[in-house]
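Okay, so here's the structure we're looking at.
The values are calculated or read from the model by the stated rules, or taken from the named source; none is laboratory data. The model shown is predicted, which means the values in this text are computed figures rather than measured ones. All Cβ positions, even for glycine, are placed from backbone atoms using ideal geometry, and neighbour counts span all protein chains on display.
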Amino acid sequence: MGLYDRDYGRDEPTAWDRVEKPRSMAITLIVINVVVFLIDAIIAKQGDGGRESILAPWFAISADTLIQPWNWFQFLTYGFLHDIRGPFHVLFNMIGLYFFGRIIEQRIGQMEFLRFYLVGLFAGGVVGSITHAAMYGFGSPVTTIGASGAVIATVILFALYYPHEKIHLMAVFPVEAWIVAVLYVGMDLLGALRAMTGGAAGNTAFTVHLAGAAFALAYFYQRWNLSFLAASGIADLPARMRDRSRRMKLKLHDPDKKLVEEAEDADRILAKIHKQGESSLTASERKTLERYSRRQREKRNQ
């Protein structure tokens with residue numbers, strides 16, 4: 001993914017021009033990821049295949065994560081670990097988060113972006129764990145780490161909000177954002193199909209990417225808002241449920257509204273008799289009309 005395109009000669013600001021705050025939730029996430037990467041690289045142990053992470057066995061996802069509820073925190077923590085054998089894994093993810101995350105944060109808000117990012121991680125982690133179980137079985141030592149599921153979700157959401165913004169692929173080729181999104185999803189689909197049919201999958205978690213993309217599509221087209229996941233929203237949930245229940249009870253016991261609805265039904269039935277005759281009434285309509293007539297007689301006798 002290359003650098004963004006900024007045209008200083010245009011009067012109309014682009015999505016890139018809307019980034020105002022130098023520090024943001026996206027920057028905070030980048031700092032956390034880089035710090036964890038450096039700590040993991042420093043304390044790594046030497047194994048038969050080279051340097052091995054000490055944190056990954058504790059915080060990465062595997063097939064067994066699905067069946068170990070006490071390890072479900074791994075559906076989030078795996079996204080803050082990266083391959084310590086080189087800088088490119090964390091570098092490419094953080095470049096994507098830097099350029100696209102700040103813009104999405106400006107669009108949907110700081111805390112909503114954090115919730116979006118973490119749910120994207122969670123969705124990717126669950127799907128990645130299911131993929132491991134399907135391909136390798138439970139007990140397999142295969143694990144997945146990296147923020148790519150949430151970063152892909154961020155890139156796809158950017159393309160949905162700003163489909164015609166120009167992105168420089170490989171820092172050279174200007175391409176509209178929607179085309180980049182299609183390329184991402186297409187390559188991940190091909191990679192996932194190849195891996196599931198016995199081809200070489202490499203180290204890329206294609207299904208995690210696809211889960212992130214699917215979450216971004218659902219978030220955009222369903223117009224989701226994840227504010228209910230905020231601590232205050234969760235704390236207020238019982239009170240909101242009680243209020244809703246109280247409103248439902250008031251609605252069910254609203255006599256005035258019930259009388260109005262009954263009168264409207266009676267008018268409709270009488271109109272039907274006028275047009276089609278009394279023989280056209282159903283048993284339910286006859287009972288409704290009798291009930292309404294009885295109520296009207298009682299009202300007159302009061």
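Residues in region 125-150 that are more than 17 Å from ILE32 (Cβ to Cβ) and either outside the structural domain of PRO57 (by TED's automatic domain parsing) or in contact with a strand residue (DSSP E or B) (Cβ under 9 Å, 6 or more places away or on another chain) (or both): VAL126, GLY128, SER129, THR131, HIS132, THR143, THR144. Taking the listed residues ALA239, ALA235, ALA271, ALA263, the one that is more than 30 Å from THR144 (Cβ to Cβ), at pLDDT below 80, surrounded by 13 or more Cβ atoms within 10 Å (Cβ to Cβ) and small (Gly, Ala, Ser) is ALA263, with no other qualifying. Within the span defined as region 32-43, every residue fails to be among the aromatic types (Phe, Trp, Tyr) and at pLDDT below 90.
Give the residue that is modelled with the lowest pLDDT, with candidates limited to residues of region 67-111 that are more than 25 Å from TYR162 (Cα to Cα) and among the small types (Gly, Ala, Ser). Result: GLY86. Residues in region 44-64 that are small (Gly, Ala, Ser) and surrounded by 14 or more Cβ atoms within 10 Å (Cβ to Cβ): ALA44, SER53, ALA56, ALA60, SER62, ALA63.
Figure legend. Inter-residue proximity from region 213-233: first residues in the same structural domain as ALA181 (by TED's automatic domain parsing) and in a helix (DSSP H, G or I), second residues among the polar types (S, T, N, Q) and at pLDDT 90 or above, beta-carbon distance below 8 Å, spacing 6+ or different chains. Indicated pairs: ALA216/THR154. Checked against (1) within 19 Å of the chain's Cα centre (by Cα); (2) at pLDDT 85 or above, PHE206 passes all but a single condition, namely (2).
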